[in-house]
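Engineer: Encoded as structure tokens, here's the structure I'll be asking about.
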Amino acid sequence: MEKLDKKNRLLMGITLFSMFFGAGNLIFPPFVGAMAGKSSLIAGAGFALSAIGLPILGVAAVTKSGGLENLASRVHKKFAFVYILILYLSIGPCLAIPRTASTSFSMAVVPFVKEVKEGHQLIYSIVFFVVAMLIALKPEKLTEYLGKKLTPCLLVLIVIIFVGSFLHPAGKLALPTGGYEELPMIKGFLDGYQTMDTLAALNFGMIIAMNIREKGIQKEQSIMKETIFAGWIAGIILCIVYGMLLYTGAISSDTFKGAKDGTEILTALTQFLFGRVGVIILALVFLIACLNTCIGLLSCCGKYFHSIVPKISYRNWVFLFAFVSMIISNIGLTKILELSVPVLNAIYPVAIVLIILAYIEPFIGRYRAIYPFVVTFCVISSIIEALEKKNIVIYGITSLMKQMPFYNAGFGWIIPSIVGVILAILYSEIIKGKVKKIH
């Protein structure tokens, strides 16, 4: 059976890690640690479930299902097209890609200029996206750019920050704040949504598969196996890195109170540890991580949209997304994060449901109605919940949803999804009964 050697297998895992690890992955772990304080261990476990567990399961689920389109088409072909389109726009030019530029600007440029002028971010974003676009135009070479060159540098810089925090702690663990007082694990799980990695995981598998083919592996079964291996390697690295970042935030939670996000915590911490050199180290960390993810996302989106509109070349799609992302990135990091919350709350549960259904496929094969029923109930409840978070209430329906178990914890979609399973089974049995009567 065809298989990669140990070196290339590790390289594929590192490449997938680098595609995952971007702006959100740097911002949120230290912020979770700082907010959770003494509850950071249990909060970190919740964060790891949604920011590591779900993405890795997602890579495997989509690979086993023969691609995201095949998996989503089990609901309906039209649903597959619409959901995948929304997914790519979210992890692409509308949210995730612009976030890579705005985050890296705030960390790699702002600390080094006396006054941020109006044109600074525009100039930076142009340079940032030109570099990312030039690399993304050769997606089959991502293992060379990301796995061998940029990611090792990124990991070394993160280890330097962690070791500094371990040897010279900035303070002590504080009491939990910011929603981590009562249900730290649930809060950590929901904050894991902000990394957007579960959504990205549904798409990154095909890029890794492409790079595996470049290494001479041609049998689909072998490609599937190697892609899953890459997912597990990426998950292990993510776990180690998140653990280090969570620790740096937690150990400084009592010293750097009132931070708005993880960027402020990391900036204050690195300045405390290394002075001006610390700011340079942090700038390099953010620049490399954000560039890695931007390249991966541009490549993914370019491949997908070229597949549905082949008249426009892959090169032109990448150029278009880089240009649109450059424009959106200039509205600023805070605004992008604010816009991302309701969108993620609406589409993330559907991704989770699809991953779960992919794994229980052998047990539900006779009940094909489960896919459309469950996803429909999940979509409706998720949208209602996301709208309610923005103070948009649907008379009668929103109040009913708020009575559901788990709603206040952010999982109002669970009960409707279970109801969907029950109704799908009943529907299938009734249809089968009618068919038997006819015959």
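The values are calculated or read from the model by the stated rules, or taken from the named source; none is laboratory data. Since the structure is predicted, the reported quantities are computational estimates derived from the model, not experimental observations. Heads up, the Cβs are rebuilt from the backbone with ideal geometry, glycines too, and the neighbour counts pull from every protein chain shown. These accessible areas exclude ligands, DNA and RNA; they are computed on the full protein's heavy atoms, side chains included. Shrake-Rupley method; radii C 1.70, N 1.55, O 1.52, S 1.80 Å.
Engineer: List the aspartates and glutamates whose Cα sits under 13 Å from the Cα of Lys303, skipping any in the same chain fewer than 8 residues away.
Structural biologist: Here the aspartates and glutamates satisfying the reach criterion relative to Lys303 are Glu140.
Engineer: Which FRET efficiency, nearest 0.05, do Trp232 and Asn70 yield, Cβ-Cβ r, R0 25 Å?
Structural biologist: 0.70
Engineer: Additional query: So if I place +1 on the C-beta of Lys and Arg and -1 on the C-beta of Asp and Glu, and nothing else carries charge, what would the dipole magnitude of the chain be about its Cα centre? I want it in debye, nearest 20.
Structural biologist: 1100
Engineer: Take each of the peptides 397-406, 205-214, 125-134, average the number of other beta-carbon atoms within 10 Å over its residues, and list them starting from the highest.
Structural biologist: With the highest mean Cβ count within 10 Å placed first, the list reads 205-214, 125-134, 397-406.
Engineer: Would you rank Ile288, Ile431, Ile355, Ile422 by solvent-accessible area, highest first, keeping every protein chain in place and using a 1.4 Å probe?
Structural biologist: Ile422, Ile431, Ile288, Ile355
Engineer: Which of Cys378, Cys239, Cys301 moves the most in a Gaussian network model of the chain with Cα springs under 10 Å?
Structural biologist: Taking springs between Cα atoms under 10 Å, the residue moving most is Cys239.
Engineer: Got a number for the accessible area of Phe321? Probe 1.4 Å, square angstrom, nearest 10.
Structural biologist: We get 10 Å² for Phe321.
Engineer: Here is a follow-up. Taking +1 at the Cβ of each Lys and Arg and -1 at the Cβ of each Asp and Glu, which of Gly275, Phe286, Leu320 sits farthest along the dipole of segment 240-341 towards its positive end, judged by Cα position relative to the Cα centre?
Structural biologist: The residue sitting most towards the positive pole is Leu320.
Engineer: Please report the carbon-and-sulfur percent of the accessible area for segment 208-338; probe 1.4 Å, protein heavy atoms only, DNA, RNA and ligands left out.
Structural biologist: About 66 percent, which is the carbon plus sulfur part of the accessible surface.
Engineer: Send over a whole-number figure in Å² for the accessible area per residue of segment 180-338, probe 1.4 Å.
Structural biologist: 40
Engineer: While we're on this one: How would Asp254, Asp261, Asp5, Asp197 line up by accessible area, probe 1.4 Å, largest first?
Structural biologist: Solvent-accessible surface, decreasing: Asp5, Asp254, Asp261, Asp197.
Engineer: Okay, next question. List, largest first, the extents of the alpha carbons of segment 171-264 along their principal axes, each in whole Å.
Structural biologist: Principal-axis extents of the Cα atoms in segment 171-264, largest first: 54, 22, 19 Å.
Engineer: Compute the acute angle (0 to 90°) between the alpha-carbon long axis of helix 23-36 and the principal axis of greatest extent of the alpha-carbon atoms of the chain; round to the nearest 10°.
Structural biologist: Roughly 80 degrees, rounded to the nearest 10.
Engineer: Filter the cross-link list Lys7/Lys64; Lys187/Lys260; Lys260/Lys389; Lys38/Lys114 down to pairs whose alpha-carbon distance in this structure exceeds 28 Å.
Structural biologist: Table pairs above 28 Å Cα-Cα are Lys38/Lys114.
Engineer: Still on this model: Mind telling me which of Gly66, Gly192, Gly119 comes out most flexible in a GNM of the chain, alpha-carbon contacts under 10 Å?
Structural biologist: Taking springs between Cα atoms under 10 Å, the residue moving most is Gly119.
Engineer: Compute a Gaussian network model of the chain, connecting alpha carbons closer than 10 Å, and tell me which residue from Arg368, Arg99, Arg74 fluctuates the most.
Structural biologist: Among Arg368, Arg99, Arg74, the largest mean-square fluctuation in the Gaussian network model of the chain belongs to Arg368.
Engineer: Oh, and also: When the chain is fully extended, how far beyond the present Cα-Cα distance does Ile240 get from Phe406, taking 0.36 nm per residue of separation?
Structural biologist: 56.7 nm is the gain from fully extending Ile240 to Phe406.
Engineer: Taking the 0 to 90 degree range and rounding to the nearest ten, how far is the long axis of helix 220-251 tilted relative to the main principal axis of the chain, both from C-alpha atoms?
Structural biologist: 50
Engineer: Around Phe229, with a cut-off of 14 angstrom between Cβ atoms, what is the net charge of the other residues, counting Lys and Arg +1 and Asp and Glu -1?
Structural biologist: Net charge in that neighbourhood comes out at +4.
Engineer: Give the separation of the Cα centroids, segment 364-426 to segment 1-56, in Å.
Structural biologist: Centre-to-centre distance over Cα atoms comes out at 28 Å.
Engineer: Relative to the first principal axis of the alpha-carbon coordinates of the chain, what is the inclination of helix 120-136, with its axis defined by its Cα atoms, in degrees from 0 to 90 and to the nearest 10?
Structural biologist: It works out to around 60 degrees.
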